[in-house]
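Worksheet: one structure, shown below.
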Amino acid sequence: MSVGYDLKGIQTERVQDYIRGMKDASAVVEHYRKQIPDRFSQFRDLDFPTNLSNSLTLSTFHGCPPDEIERIIDFLLNEHSLNCIIKLNPTLLGEERVRELLQGVMGYEAVNVPSKAFQTDTSWDQAQGFVQRLGVTADQLGLGFGVKFSNTLIVENHRSFFPESEKEMYLSGPPLHVLATNLVDRFRDRFGDHYPISFSAGIDRKNFADAVAIGLTPITSCSDLLKAGGYSRATTYFRELDSRMDRLGVNTIPDYIIKAYGNAEQALSECGKNVEDSKIDSCRKALEEGTSLLEAAGEDLYGRWLSQCKLLNTQTYAENATLDQRYALVKNSKPPTKVGSMLELFDCLTCDKCIPVCPNDANFMLSIPPEQVPVKTLTFEDGSWSVEESGKLVLEKKHQIANFADFCNECGNCDIFCPEDGGPYVLKPRFFGSRESFREFSNHDGFFIERNNGGDTVLARFSQDEYESTLMNGEVQFSGPGFNIRFSADDPEKTVSGEAETSVDLTRYEIMEKIRWGILESGHVNYASVIARQ
């Protein structure tokens, strides 16, 4: 579980019910057990787990008072018997050290942390105090307690990506990795390996194995998974870890930690001063021959050896990461390539980068065959309809890109990595999951499609003008600003009837029909196609 940011909010009945429900979901399980259909009745008597979680992370975020942090965790330990983790801020390093690392060592001179952040956030001395006290409380209650590094770093908004009204923004990724790693080193220098440390700061394929090597767990990745490839990038993390473990000839994480940075001998000497020489010799022999370190050391010595390696490895890695240029501005100043062209509703470079980089999986492929459709305008004059043709609607690409509005929070990440300008989430076909959401976001162009009673209905909004078409038995009812007409889908211009106060651009209808076909007739499954058939 994860909660924040103040005790008053956490103590509300709603949050308390949530916590109790996560610890014991029996009522929910029994409620849904009764709803299992008869055809699956054999599953009704399964022993479903009801203790969904007994651990919790407190996200302190910027400006959360240190005494409030302590009161929250003390309450959760004593009142809910939860194993607790506190997620802390990089400002714990202190203003001088943060600026030294960020601007001096890594070269991010334009990135400035407001001084007030260091005044309002928890200080290192304050954090030491409540960690010590809460650790004692957790030990007395037989519960787990640890910390997590780190939250993002609050910095001044000095760029044009966010509006000027936003005075602050939050830094993550490579520079945060160095700050958080230095925090881990400082924390372990003070508390040793007594408290577990969770980590979330600039993790990627190259440093995931290093985070494992210094004994961090669990390890969270975010910024890297927002890059091209999306969540699939995570598979490379484990390939790299597996490769390093193979090179060291180990098949367990503890053995990997002991051997990772060549600190095993020093750690053994430091933790084995009161251990008989024969035991130490057995450990050294196991190191050389690649045999079981646990069997050679025994559980007690092995545990102390492992802890000492975590401390030494942390020192080694913190020093290396701090000076590693791949975290510096020089290696992180080039934005994704842009080609200078503007996105349109249909067709683009079709690089598909926008699909995996969406953290909400809101962008998807829309299958519409390449085609050239004449652009026609219908005009009703003197009791008859005339048709004027002007150009063509051309679709050349193998598929189109679309966006499911109900999943999109308009973070703009797809725009960052799209080689063209304008943003896929803004300019590509946007699909709404219901008539209600289509109506609610009236300032957003987009579509809603549904199939019922033998007909297909498409609601569309172009430049905030709304249109509706219904196809049933080969006949189309098409309406929009100032018109409501009917025609045969096979031959609109020769079969049109109805009312029109102005000319009717059939391009809107053709676009809506292509959209309808791509959702309902292409055979591809996506959010819009599933909803349309409900």
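The values are calculated or read from the model by the stated rules, or taken from the named source; none is laboratory data. Remember, predicted model here, so these are calculated numbers, not experimental data. A quick note on method: Cβ atoms are made from the backbone with ideal geometry, for glycine too, and the neighbour counts reach across all protein chains shown.
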* Just need a number here: residues in the range 129-154 that are polar (S, T, N, Q), more than 27 Å from the chain's Cα centre (by Cα) and crowded, with 16+ Cβ neighbours inside 10 Å. => 1
* Do you know which residues across the range 293-335 are among the small types (Gly, Ala, Ser) and in contact (Cβ under 8 Å) with a residue 12 or more places away in the chain? -> Ala296, Ala297, Gly298, Ser307, Ala318, Ala321, Ala328
* Asked: Going through the range 359-373 one residue at a time, which ones are part of a strand (DSSP E or B) and either at pLDDT below 90 or within 30 Å of Ser221 (Cβ to Cβ) (or both)?
  -> Asn363, Phe364, Met365, Leu366, Val373
* Asked: Yes or no: Thr60 among the hydroxyl-bearing types (Ser, Thr, Tyr), buried (at least 18 other Cβ atoms within 10 Å of the Cβ) and modelled with pLDDT of 95 or more?
  -> no
* Asked: Taking the stated definitions as given, is Thr217 part of a loop (DSSP other than H, G, I, E, B) and of a type in the set (S, T, N, Q)?
  -> yes
* Asked: What single numbered condition from (1) in contact with a Phe, Trp or Tyr (Cβ under 8 Å, 6 or more places away or on another chain); (2) closer than 27 Å to Thr217 by Cβ fails to hold for Val29?
  -> (2)
* To do: Working only within the range 421-478, note down all residues that are surrounded by fewer than 16 Cβ atoms within 10 Å (Cβ to Cβ), more than 28 Å from the chain's Cα centre (by Cα) and assigned to a strand (DSSP E or B).
  => Asn452, Gly455, Asp465, Glu466, Glu468, Met472, Glu475
* Just a yes or no: is a residue in the range 505-516 modelled with pLDDT of 95 or more, of a type in the set (D, E, K, R) and in a loop (DSSP other than H, G, I, E, B)? -> no
* Asked: Does the range 26-43 contain at least one residue that is surrounded by 10 or more Cβ atoms within 10 Å (Cβ to Cβ), among the basic types (Lys, Arg) and within 16 Å of His80 (Cβ to Cβ)?
  -> no
* Structure fact -> Apart from one, (1) in contact (Cβ under 8 Å) with a residue 40 or more places away in the chain; (2) part of a loop (DSSP other than H, G, I, E, B); (3) of a type outside the set (A, V, I, L, M, F, W, C); (4) surrounded by fewer than 20 Cβ atoms within 10 Å (Cβ to Cβ) all hold for Asn51; the odd one out is (1)
* Structure fact -> Residue hits (the range 201-244; closer than 22 Å to Glu319 by Cα, of a type in the set (A, V, I, L, M, F, W, C) and out of contact with any strand residue (DSSP E or B) (no Cβ under 9 Å at 6 or more places or on another chain)) are Ala209, Ala213, Leu241
* **Residue match in the range 27-43 (condition: part of a helix (DSSP H, G or I) and touching a helix residue (DSSP H, G or I) at 6+ places or on another chain (Cβ under 7 Å))** => yes
* Taking interchain pairs and intrachain pairs at least six residues apart, which have beta carbon atoms under 6 angstrom, with the first residue in the range 478-493 and closer than 12 Å to Tyr509 by Cβ and the second surrounded by fewer than 17 Cβ atoms within 10 Å (Cβ to Cβ) and acidic (Asp, Glu)? -> Ser479/Glu468
* Of Tyr18, Tyr5, which residue is under 30 Å from Glu68 (Cα atoms) and not in a helix (DSSP H, G or I)? -> Tyr5
* Take the residues in the range 324-371 that are under 23 Å from Gln103 (Cα atoms) and of a type in the set (A, V, I, L, M), then tell me which one is farthest from the chain's Cα centre (by Cα). => Val330
* Working only within the range 98-108, note down all residues that are surrounded by fewer than 19 Cβ atoms within 10 Å (Cβ to Cβ) and either touching a strand residue (DSSP E or B) at 6+ places or on another chain (Cβ under 6 Å) or in contact (Cβ under 8 Å) with a residue 24 or more places away in the chain (or both). => Val105, Gly107
* **Residues within the range 213-225 that are surrounded by fewer than 23 Cβ atoms within 10 Å (Cβ to Cβ) and of a type in the set (A, V, I, L, M, F, W, C), tallied** => 3
* Asked: Hey, among the residues in the range 63-83 that are assigned to a loop (DSSP other than H, G, I, E, B) and within 27 Å of the chain's Cα centre (by Cα), which one's surrounded by the fewest Cβ atoms within 10 Å (Cβ to Cβ)?
  -> Gly63
* Regarding Asp121, is this residue within 29 Å of Lys167 (Cβ to Cβ), modelled with pLDDT under 95 and surrounded by fewer than 18 Cβ atoms within 10 Å (Cβ to Cβ)? -> no
* Cβ-Cβ below 6 Å, separation at least six or inter-chain, first residue in the range 147-168 and of a type in the set (Gly, Ala, Ser), second surrounded by fewer than 14 Cβ atoms within 10 Å (Cβ to Cβ): which pairs? -> none
* Asked: On the given criteria, is Glu493 among the charged types (D, E, K, R), part of a helix (DSSP H, G or I) and either in contact with a Phe, Trp or Tyr (Cβ under 7 Å, 6 or more places away or on another chain) or farther than 25 Å from Gln400 by Cα (or both)?
  -> yes
